[in-house]
1. Can you give the Kirkwood hydrodynamic radius for the range 266-371, in Å, rounded to one decimal and based on Cα pairs?
2. Compute and list, largest first, the equivalent-ellipsoid semi-axes of the range 376-468 from the alpha carbon gyration tensor, each √(5λ) rounded to a whole angstrom.
3. Can you figure out the FRET efficiency of residue 120 with residue 436, using R₀ = 51 Å and their beta-carbon distance, to the nearest 0.05?
4. Please work out the Cα convex hull volume for the range 66-121 and give it in Å³ per residue.
5. How large is log10 of I(q)/I(0) for the chain at q = 0.08, 0.12 Å⁻¹ when the intensity is taken from the Debye formula with one equal scatterer per alpha-carbon?
6. Heavy-atom accessible area per residue, the chain, 1.4 Å probe: how many Å²?
7. Tally Lys and Arg at +1 and Asp and Glu at -1 over the other residues with C-beta under 12 Å from the C-beta of residue 184: what net charge comes out?
8. At 0.36 nm per residue, minus the direct Cα-Cα distance, what do residue 535 and residue 108 gain on full extension? Give it in nm, one decimal, please.
Amino acid sequence: MADEIEGANVLAQALKAQGVEYMFGIVGIPVIEVAYAAQAHGIKYIGMRNEQAASYAASAIGYMTGRPAVCLVVSGPGLIHALAGMANAQVNCWPLIVIGGSSEQHQEGMGAFQEYPQVELCRPYCKYSARPSKVERIPFYIEKAVRHSIYGRPGVSYIDLAGDMVTQKVNVANLSPNVKCLDPPKTLADPDKIKEAIDLIHYAEKPLVIVGKGAAYAKAENSVKRFIESTRFPFLPTPMGKGVLPDDHNLCVSPARSKALQEADVILLLGARLNWILHFGLPPRFNPKVKVIQVDICVEEMNNNVQNAVSLVGDMDAVMTQMNDQLDKIPGHFQFNPKSPWWRTLNNKVQQNQKAVQAMMDDKSEPLNYYAAYSEIQKFLPKDCIIVSEGANTMDISRTMVPNYLPRHRLDAGSFGTMGVGLGFAVAAGIWCKDHAPGKRVISIQGDSAFGFSGMEIETICRYKLPVTLMIINNGGIYAGVPEDVWKSLQAEDLTLMSPPTALMAAARYEKMIEAFGGRGFCARKCEEINKYLTEITKDEERVALLNILISPMSSRKTQDFDWLTKSKM
Ligand code: ADP
Ligand code: MG
């Protein structure tokens with residue numbers, strides 16, 4: 001009958017009405033029809049190889065665009081795999097909608113195929129977890145799922161879809177309406193608190209702005225830039241805050257990170273939490289007397305670990321616009337003195353640290369160290385590329401060696417420290433570039449261990465011909481890899497059950513894998529080889545390429561001033 005519609009189509013129509021553009025997933029019983037329906041309604045469906053990577057991919061779209069993508073999974077085990085991406089998105093404060101098929105309602109409790117208490121299971125991983133009460137109400141639930149994912153602090157929504165609902169037909173006239181969830185209303189900070197904040201920064205002798213990925217997510221780059229450039233305060237991005245202002249900005253003090261954190265007397269904290277990434281804001285890594293001005297959309301985040309001097313609750317862009325307006329009201333332009341002792345201290349430290357890194361970049365002895373490898377890679381990074389970065393040292397060192405010039409252009413292990421996100425992120429970024437920024441490339445740089453978690457997604461990347469270049473910085477293991485003698489012999493047989501648990505196969509030829517899917521694989525041991533192969537890869541960007549860079553398992557990070565740095569992985 002013409003006025004009847006199947007559950008799968010009700011769902012697809014509701015998602016389309018919410019502006020959902022992408023659905024990542026793996027089909028099976030009972031959600032095959034859902035993927036077909038999504039395609040029929042103009043939602044782009046990306047078939048992945050593991051739900052874990054699918055959930056990471058969907059969450060990356062949420063972060064890059066501010067609107068959620070969907071991860072579609074089958075019941076039971078499929079959903080369990082996707083919990084990884086839900087947790088990661090929830091901890092990162094990124095929007096994501098997971099839709100899980102589930103067993104038929106009339107079989108509940110009978111031990112149905114893949115039956116599991118899915119709504120309850122997802123609740124701790126979500127802001128909102130629900131099963132539509134009936135097919136006709138699906139549009140209501142989808143709008144609510146979208147709203148919860150992007151309003152307030154962004155996060156995850158889970159919608160459970162019973163198998164019988166997928167194929168059930170209902171009368172169109174009985175559907176709840178598809179009301180598009182508007183972008184989040186912008187919230188402003190208390191104007192009195194804005195005045196207090198501006199008063200406070202006037203007296204700062206050692207001010208510092210920390211730019212977090214919340215500022216990136218909020219698309220606050222213009223207002224943040226205006227604030228930093230008009231005050232001429234030094235700033236420091238967090239790993240994914242990189243690019244809100246370009247890394248080569250003359251006010252960026254990343255190379256003097258430790259010094260800046262340790263001595264700053266007033267810190268303006270923009271969309272970054274004082275969690276492990278920022279050493280909890282506590283001594284000895286922070287000045288015990290530091291006055292924090294925190295800007296965040298989440299009121300519960302205020303005063304966490306450190307009591308703020310001023311709390312500014314609101315949308316980053318709106319609040320920074322308030323701050324700029326308040327600055328404009330002050331007679332005589334306020335600007336922090338570039339000749340101040342603080343700037344001198346920071347500049348000295350920047351130069352000193354840059355020299356130390358330069359020495360390692362110049363050390364081209366083989367097997368290569370990380371810095372030498374990165375110094376070669378740097379030459380081939382387009383300024384507008386999206387960087388995917390993960391691994392232990394590979395990622396940590398990339399923070400300093402791989403510059404970002406644009407906001408939301410770095411995707412890494414994030415607040416949850418999740419290894420294995422890389423290829424899912426690369427798929428998402430690749431598909432987004434292909435659709436919205438033709439010519440833009442994704443450069444994924446992973447450790448060999450990190451690559452292993454979702455290595456099969458290279459098939460997905462090749463299948464969709466995504467504009468992705470993959471690089472593996474291969475040291476034969478986790479952290480420092482295998483011992484020197486094992487590595488030197490390059491014999492897999494040398495690894496035994498008594499080898500270090502950090503050891504993986506030495507000099508594994510991961511580039512061979514991509515050839516199975518029509519991609520191009522290269523293996524480099526020297527800087528000249530990196531240069532040669534990246535030149536080749538750059539010439540023919542139509543085909544996906546993987547460059548496997550074999551480096552020394554003994555290579556590690558620059559010696560740090562604080563030994564707890566290495567212990568805490570920061
Ligand atoms: P980082 O990893 O860069 O330190 P975090 O993930 O720790 O960043 O912190 C990001 C913060 O940004 C979260 O506390 C989150 O509530 C906040 N946030 C998210 N969206 C907005 C927004 N639109 N305006 C202000 N703050 C936001
Ligand atoms: Mg490794």
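The values are calculated or read from the model by the stated rules, or taken from the named source; none is laboratory data. Nothing here was measured: the structure is a model prediction, and the numbers come from that model. Backbone-built Cβ (ideal geometry, glycine too); neighbour counts: all protein chains shown. All accessible areas refer to the heavy atoms of the entire protein, side chains included, with ligands and DNA or RNA removed. Shrake-Rupley method; radii C 1.70, N 1.55, O 1.52, S 1.80 Å.
1. Result for the range 266-371 stands at 17.1 Å.
2. Three semi-axes, in Å: 19, 17, 11.
3. The formula returns an efficiency of 0.85 here.
4. So the per-residue hull volume is 73 Å³.
5. -0.57, -1.18
6. 40 Å²
7. Net charge around residue 184: +2.
8. The residue 535-residue 108 span can extend by a further 147.9 nm.
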